[in-house]
Amino acid sequence: MGDSGMAGTKRGLVLEGGAMRGMFSSGVLDVLMENGIVFDGAIGVSAGATFGCNYKSRQPGRAIRYNKRFARDWRYCSLRSLLMTGDLYGADFCYRELPEQLDVFDVESYRQNPMEFYVVASDCKTGRPVYKKLECCDAHDLTWMRASASMPLASRVVHVDGYVLLDGGMTDSIPLRYFESIGYRRNVVVLTQPQSFRKKPASLMWLMRLALRDYPALVEAMSHRHEAYNEATADVFDKAARGEVFAICPDSPLGISRTERDPERLQRVYDEGRRIAGARLDELRRFLSC
């Protein structure tokens with residue numbers, strides 16, 4: 001029986017993206033799973049979605065396992081994949097072959113777990129975030145997950161349910177306020193940058209404007225992304241200081257590439273997530289029981 005909070009208080013888990021910085025989050029999440037910490041709902045952005053879904057399927061260790069196994073496989077992530085398929089992270093390999101055959105995702109456990117799971121993607125036409133609840137993690141849901149993690153300049157746009165979508169981090173990197181708006185009042189936020197981090201304006205905006213010239217609203221949103229991100233992190237830590245939110249983040253920059261392919265570095269970042277989560281486990285339990 002996992003930990004439970006006060007009746008009527010919805011407990012949420014909010015997961016930032018960051019591509020391979022998500023190995024930090026995976027380490028945090030595995031410690032929470034192993035210690036019976038449960039949530040009423042979770043919401044993930046980009047890597048927070050693709051790795052965070054393992055929380056609902058109750059598969060600790062899966063994310064670090066397959067990332068280390070396939071880190072240097074061109075089908076998983078490579079310039080070759082980008083040139084051949086249009087996606088740096090191979091869509092068919094990552095969202096079909098891997099979860100169905102190579103490191104099987106437990107769809108049945110995902111469906112039986114009552115925890116809600118949401119992902120965030122960016123609407124290319126409006127430049128606004130789209131929030132999608134994934135009920136069963138079938139091929140349709142995985143398309144939404146792929147959309148959430150489809151990085152600009154490194155992925156094709158994703159067409160699903162009438163939307164044209166790209167990475168959720170472009171428009172809502174830390175969807176705490178959305179989760180609060182749908183009733184989640186006791187939230188744990190896992191970030192992949194240290195508290196001192198401040199995002200700077202995108203250095204490749206000129207290329208973004210060229211590549212996404214058909215989607216001016218999204219380009220406009222990206223030009224202000226650093227401002228929105230810094231505002232969101234300030235909100236997280238302000239609420240954490242007041243005891244309204246529990247924030248978990250690295251103590252210092254993780255020193256890892258967004259597309260890191262070195263298994264040892266992936267393991268190091270994962271272990272750092274485990275270390276920090278383990279050190280704060282009692283504090284976290286107290287927060288969730290309030």
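Yes/no per residue for (1) surrounded by 15 or more Cβ atoms within 10 Å (Cβ to Cβ); (2) touching a helix residue (DSSP H, G or I) at 6+ places or on another chain (Cβ under 9 Å); (3) within 30 Å of residue 156 (Cβ to Cβ):
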site	(1), (2), (3)
183	no, no, no
215	yes, no, yes
221	yes, yes, yes
241	no, no, no
*asked:* Looking only at the stretch 181-214, filter to residues that are in a helix (DSSP H, G or I) and touching a residue at least 24 places away in the same chain (Cβ under 8 Å); which one of those is nearest to residue 243 (Cα to Cα)?
replied: 208
*Qualifying positions in the stretch 243-255 - open to solvent by 30 Å² or more (accessible area, probe 1.4 Å), touching a residue at least 24 places away in the same chain (Cβ under 8 Å) and under 28 Å from residue 79 (Cβ atoms)*: 253
_residue 227 surrounded by fewer than 18 Cβ atoms within 10 Å (Cβ to Cβ), at pLDDT 95 or above, more than 18 Å from the chain's Cα centre (by Cα) and within 26 Å of residue 183 (Cβ to Cβ)_ = no
*asked:* For the stretch 33-40, check the following and say yes or no: at least one residue is within 29 Å of residue 289 (Cβ to Cβ), open to solvent by 10 Å² or more (accessible area, probe 1.4 Å), assigned to a helix (DSSP H, G or I) and in contact (Cβ under 8 Å) with a residue 12 or more places away in the chain.
replied: yes
*Is at least one residue of the stretch 139-151 modelled with pLDDT of 95 or more, assigned to a strand (DSSP E or B), in contact with a strand residue (DSSP E or B) (Cβ under 6 Å, 6 or more places away or on another chain) and open to solvent by 10 Å² or more (accessible area, probe 1.4 Å)?*
no
*asked:* Suppose we keep only residues that are of a type in the set (A, V, I, L, M, F, W, C) and assigned to a loop (DSSP other than H, G, I, E, B) within the stretch 215-259. Which one would you say is farthest from residue 27 (Cα to Cα)?
replied: 256
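The values are calculated or read from the model by the stated rules, or taken from the named source; none is laboratory data. Source: prediction; values computed, not measured. All Cβ positions, even for glycine, are placed from backbone atoms using ideal geometry, and neighbour counts span all protein chains on display. The protein model used for the area step is the full one, side chains on, heavy atoms only, and it has no ligands, DNA or RNA in it. Shrake-Rupley method; radii C 1.70, N 1.55, O 1.52, S 1.80 Å.
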